[in-house]
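Trainee: Have a look at this one.
The values are calculated or read from the model by the stated rules, or taken from the named source; none is laboratory data. Computed from a prediction, not measured in an experiment: that's the story for all the values here. Please note: Cβ atoms are built from the backbone with ideal geometry, for glycine as well, and neighbour counts cover all protein chains shown. Note: accessible area is taken over every heavy atom of the protein model, side chains too, but ligands, DNA and RNA are not part of it. Shrake-Rupley method; radii C 1.70, N 1.55, O 1.52, S 1.80 Å.
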Amino acid sequence: PPPASPPGPPSPANKEDVVFEATAETVQSLVLESPVPVLLDVYADWCGPCKQLTPMLEEMAIKAGGAFRLVKINTDNERAVSAALGVSALPTLVGVSGGAVRSVQQGFPGETLFREFMMGLLMGYDAPGGPKVSDEDRAKYADLSAKLSRVAGSAGFSFAARERMQERIEARLDALPEETGDGAAAVASAELLAALLRKCHDAPSEKKYRRVNLQNARIAKEIGAHPSCLAVLRIAGFRPQGEAALELPGGDVLNVAPLACAGDVVRKWIAPTRTE
């Protein structure tokens, strides 16, 4: 049989399906939870090079047929996002995939740099034939990812929702000393709760921290035996997995704002209780 012909270019996408304008409140859904790689374009209305670059990026996204999405951020309107990304020049391009920052290009990119940037975004960094990432840059991007995640999570977690969570957790913690029968035991349980929440918050992509094993001897004694502790974890987003565990659902990307809120409430409750 004759050899198969190489695949042709993808069909162009509709602009509204691949080009977006984001705010801090929508970064979580548009960028961090995107099913495809994201080219984040940080611009300003007064920036001449931005006006030159953005239409080119929009055309690329449309012609790519959904292989990546272009998300635009107005730096003057979204200063918290710009600060989280360490923007110091415009335009700034940020490559994001799997909810993590993979590369950053500050200033108008030259042809070679831009080609490498897009190769890394679409092929994956350190892939065969793709651009390499130094250990120094890898650490810098991990720090930017964490900052962006915190800003996006906080913006999408309303003040009213935060207040409701605080009140519900405080009520459960106030019932804990009676459940344990001992103030010191209540503090020990709360400290373990805080540690579990902190580990999940600090490393949300680590699945082992998103699962609380209720069959572990210490966890069974200090958490599983007390309904208030289990309730705090459920309020923070954990869900029962039978009787053996609680697990925080979701994909690779997790909104850490509820975990941060829950952890803060637990730690603030511990401080005066420890001295009583």
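Trainee: Tell me which residues come under 5 Å, amide H to amide H, from residue 66 once H is placed; ignore anything under 5 positions away on its chain.
Mentor: When sequence neighbours closer than 5 places are left aside, the close amide H contacts are 13.
Trainee: A follow-up question, please. Under 21 Å Cα to Cα from residue 51, which lysines show up? Leave out anything in the same chain fewer than 8 places away.
Mentor: 15, 63, 72
Trainee: Considering only protein heavy atoms and a 1.4 Å probe, what is the carbon-and-sulfur percentage of the accessible area of segment 181-276? Working shown, then result.
Mentor: On the way: 2380 of 4690 Å².
Of the solvent-accessible surface of segment 181-276, carbon and sulfur hold 51 percent.
Trainee: Next question. On C-alpha positions alone, give me the angle between the axis of helix 111-123 and the longest principal axis of the chain, in degrees, nearest 10.
Mentor: 50 degrees
Trainee: How big is the C-alpha Rg of segment 73-177 next to the rule-of-thumb value 2.2 N^0.38 Å, as a ratio? Before the final figure, lay out each step's value.
Mentor: Values: Rg = 18.8 Å, N = 105, 2.2 N^0.38 = 12.9 Å.
In units of the globular-protein estimate, segment 73-177 measures up at 1.46.
Trainee: What is the distance, in nm, between label points placed 7 Å from the Cα along the Cα-to-Cβ direction at residue 83 and at residue 58?
Mentor: 3.0 nm
Trainee: Of the listed values [x] 1.12; [y] 1.23; [z] 1.08, grab the one calculated as Cα Rg over 2.2 N^0.38 Å from the structure here.
Mentor: After the calculation, the listed value that fits is [y].
Trainee: Residue separation times 0.36 nm, minus the C-alpha to C-alpha distance between residue 175 and residue 218: what's the value? Intermediate results must be reported in sequence, preceding the final value.
Mentor: Working: separation 43, 0.36 × 43 = 15.48 nm, distance 2.03 nm.
Working it through step by step, the gained length comes to 13.5 nm.
Trainee: Using a Gaussian network model of the chain whose springs link C-alpha atoms within less than 10 Å, name the residue from 197, 40, 90 with the highest mean-square fluctuation.
Mentor: In this elastic network of the chain, the residue with the biggest mean-square fluctuation among 197, 40, 90 is 90.
Trainee: At 0.36 nm per residue, minus the direct Cα-Cα distance, what do residue 225 and residue 252 gain on full extension? Give it in nm, one decimal, please.
Mentor: On the way: separation 27, 0.36 × 27 = 9.72 nm, distance 3.01 nm.
Full extension of this stretch gives 6.7 nm more.
Trainee: Using Cα atoms only, what is the angle between the long axis of helix 135-155 and the major principal axis of the chain, expressed in degrees (0 to 90) to the nearest 10?
Mentor: Around 70 degrees separate the two axes.
Trainee: Can you grab the distance from the C-alpha centre of segment 199-276 to the C-alpha centre of segment 58-79, Å, no decimals?
Mentor: First find each Cα centre; the distance between them is then 36 Å.
Trainee: Under a 1.4 angstrom probe, counting protein chains only, how are 29, 189 ranked by accessible area, largest first? Write out the running numbers ahead of the final one.
Mentor: Details: 29 60, 189 0 Å².
Sorted by accessible area, descending: 29, 189.
Trainee: Using alpha carbon centroids, what distance separates segment 140-197 and segment 96-127, in Å?
Mentor: Segment 140-197 and segment 96-127 have Cα centres spaced 36 Å from each other.
Trainee: Quick check: pseudo-label points 7 Å beyond the Cα along Cα→Cβ at residue 182 and residue 243, how many nm apart are they?
Mentor: Once both label points are built, they end up 2.5 nm from each other.
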